Amino acid sequence: MPVTIRDLRAFKDRGERFVMLTAYDYPTARILDQAGIPAILVGDSVGDNILGYPTTVPVTMDEMLHHTRAVARGAHQALVIGDMPFMSYQASLEDGIRNAGRMLKEGGASAVKFEGPFIELTEALVDRGIPVMGHLGLTPQSVHAMGGYRVQGRDEQDAQRLVLEAEGMAKAGAFALVLEGMPSEVARTITESVDVPTIGIGAGPSCDAQVLVITDLLGLSDRKPPKFVKRYADLGDVITKAVTRFRDEVTAGVFPDQEHSYR
Ligand code: KIV
């Protein structure tokens with residue numbers, strides 16, 4: 001049975017931790033799905049991880065739809081969440097509703113995620129049958145406003161702001177909250193004060209779930225990984241070895257051999 005937003009809530013109710021990972025293409029989605037990853041986020045991190053943009057800011061709605069469709073084709077069990085790119089929901093409620101609708105209708109996602117405490121938009125989408133995942137704390141689309149990727153909620157007042165934002169989003173109907181780049185203590189307070197699952201990234205061990213960007217986890221990223229990233233494989237090295245071996249075998253006349261040729 002495909003994973004639903006109710007299943008994610010049930011994980012929290014049972015006190016069972018779970019994971020979410022990003023994916024941007026069909027083969028990765030297929031592998032994550034078959035590995036039993038319950039939630040796949042088509043993050044706007046596609047921008048700085050796959051498309052070569054310096055940040056997530058330039059990512060367009062059409063680019064997100066293109067990648068979301070590919071992921072949805074590969075994920076048969078996992079819940080697919082489409083990330084709303086910068087300025088697809090900030091200018092007006094109407095923009096947000098229309099673009100979130102496109103994410104489900106054209107992208108094949110089962111839910112949307114957006115950054116920041118957009119309470120009215122959350123209520124409007126939930127009313128219209130569009131499940132919302134919130135994203136609070138360090139919100140990368142605001143990189144220019146934050147003056148860089150800065151951990152949020154470090155002082156008492158800012159921590160209190162994050163707790164209120166989280167409570168507001170949960171009350172508005174968000175089914176889960178990504179908590180990014182905040183002290184573990186703040187994430188723990190939020191996790192204890194909302195009844196929806198919190199999914200942490202750089203928010204310590206007390207969240208109900210954890211998410212990582214797949215290219216960081218697999219060692220495919222060319223940037224210095226942030227402190228919270230753990231690299232579980234070095235696929236960059238695996239690919240480099242494979243392609244150089246291919247080049248060397250072709251130039252040496254070793255490949256293709258009889259086995260790989262038609263008679
Ligand atoms: O776009 C993304 O990958 C994200 C995760 C960091 C949660 O928003």
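Would you compute, for the Cα atoms of the chain, the largest minus smallest coordinate along each principal axis and list the three values in descending order, in whole Å?
Largest to smallest, the principal-axis extents are 69, 38, 38 Å.
Helix 5-14 against the longest principal axis of the chain: what's the angle in degrees, Cα atoms only, rounded to the nearest 10?
On a 0 to 90 degree scale, this one is about 70.
Would you work out what percent of the accessible area of the stretch 79-151, with all protein chains in place, is carbon or sulfur (probe 1.4 Å)?
That share works out to 52 percent.
About its Cα centre, how strong a charge dipole does the stretch 156-263 have in debye, to the nearest 20, once Lys and Arg get +1 and Asp and Glu get -1 at the Cβ?
340 debye
Normalising by the residue count of the stretch 169-210, find the relative contact order in percent from Cα pairs under 8 Å and 6+ residues apart.
41 percent
Under a point spin-label approximation (7 Å from Cα along Cα-to-Cβ), what is the residue 26-residue 94 distance to one decimal in nm?
In this crude spin-label approximation the distance works out to 3.7 nm.
Check which residues have an amide H placed less than 5 Å from residue 178's amide H, if you skip close sequence neighbours.
For residue 178, whose amide H was placed from the backbone, the distant partners under 5 Å are 134, 135, 136, 199.
Ratio to report: Rg/Rh of the stretch 1-149, with Cα atoms as the point set and Rh obtained by the Kirkwood method; give two decimals.
Radius of gyration over Kirkwood radius for the stretch 1-149 works out to 0.95.
Given the options 151, 211, 132, state which has the largest fluctuation in a GNM of the chain using a 10 Å cut-off (strictly under) for Cα springs.
In this elastic network of the chain, the residue with the biggest mean-square fluctuation among 151, 211, 132 is 151.
Given the peptides 76-82, 52-58, 256-262, arrange them by the average over their residues of other C-beta atoms within 10 Å, most packed first.
Order by mean packing, descending: 76-82, 52-58, 256-262.
Give me the angle, in degrees from 0 to 90, between the Cα long axis of helix 156-172 and the longest principal axis of the Cα atoms of the chain, rounded to the nearest 10.
Roughly 90 degrees between the two axes.
Around residue 26, with a cut-off of 13 angstrom between Cβ atoms, what is the net charge of the other residues, counting Lys and Arg +1 and Asp and Glu -1?
+1
Hey, can you grab everything whose amide H is under 5 Å from the amide H of residue 113? Only 5+ residues off in sequence or another chain; H modelled, so Pro and N-termini drop out.
Under 5 Å from the amide H of residue 113 lie the amide H atoms of 82, 83, 84, 133, each far enough along the sequence or on another chain.
Which one, 141, 90, 157, has the greatest fluctuation when you compute a Gaussian network model over the chain with C-alpha springs under 10 angstrom?
Looking only at 141, 90, 157, the largest GNM fluctuation is found for 157.
If packing is taken as the average number of other Cβ atoms within 10 Å across a peptide's residues, how do 142-149, 97-104 rank, most packed first?
Values: 142-149: 12.0, 97-104: 20.0.
With the highest mean Cβ count within 10 Å placed first, the list reads 97-104, 142-149.
Provide the per-residue ³J(HN,Hα) series for the stretch 136-148, in order, calculated from phi with Karplus coefficients 6.51, -1.76, 1.60 and θ = phi - 60°, each as a whole number of Hz, with x at glycine and proline positions.
Taking θ as phi minus 60°, the curve returns 10, x, 6, 10, x, 5, 9, 3, 6, 5, 7, x, x Hz for the stretch 136-148.
If you stretched the chain out fully between residue 263 and residue 242, how much longer would it get, using 0.36 nm times the residue separation minus the C-alpha to C-alpha distance?
4.9 nm
Along the charge dipole of the chain, which of 89, 133, 23 sits closest to the positive end, that is, farthest toward it, with unit charges on the beta carbon of Lys, Arg, Asp and Glu (+1, +1, -1, -1)?
23
Relative to the first principal axis of the alpha-carbon coordinates of the chain, what is the inclination of helix 61-74, with its axis defined by its Cα atoms, in degrees from 0 to 90 and to the nearest 10?
Once rounded, the angle reads 70 degrees.
Nearest 20 debye, what's the magnitude of the dipole of the chain about its Cα centre given +1 on Lys and Arg Cβ and -1 on Asp and Glu Cβ?
440 debye
I'd like the per residue volume of the convex hull spanned by the Cα atoms of the stretch 125-212, given in cubic angstrom. Could the numbers behind the result be given before it?
On the way: hull volume 8.4 nm³, N = 88.
Spelled out: Cα convex hull of the stretch 125-212, divided by residues, is 95 Å³.
Compute the convex hull volume of the Cα atoms of the stretch 79-142, divide it by the residue count, and report the result per residue in Å³ as a whole number.
Hull volume normalised by residue count: 75 Å³.
Considering only protein heavy atoms, what per residue accessible area in square angstrom results for the stretch 11-65 with a 1.4 angstrom probe? Could you put the intermediate results ahead of the total?
Details: 2390 Å² over 55 residues.
It amounts to 43 Å² per residue over the stretch 11-65.
Of the options 59, 232, 182, report the single residue whose Cα projects farthest towards the positive end of the charge dipole of the chain (beta-carbon charges: Lys, Arg +1; Asp, Glu -1).
After comparing all options, I get 232.
Go through 171/227; 12/113; 113/241; 12/105 and tell me which ones have a Cα-Cα distance over 27 Å in this structure.
Correct reply: 171/227; 113/241; 12/105.
Under 8 Å for C-alpha pairs, at least 6 residues apart: give me the relative contact order for the chain, rounded to a whole percent.
15 percent
Rounded to whole Å, give me the distance from the Cα center of the stretch 207-233 to that of the stretch 53-107.
Centre-to-centre (Cα) distance: 22 Å.
The values are calculated or read from the model by the stated rules, or taken from the named source; none is laboratory data. Computed from a predicted model, the values in this text were never measured in an experiment. In this analysis, Cβ positions are derived from the backbone assuming ideal geometry, glycine residues included, and neighbour counts consider all displayed protein chains. Ligands, DNA and RNA are excluded from the accessible area calculation, which covers all protein heavy atoms including side chains. Shrake-Rupley method; radii C 1.70, N 1.55, O 1.52, S 1.80 Å.
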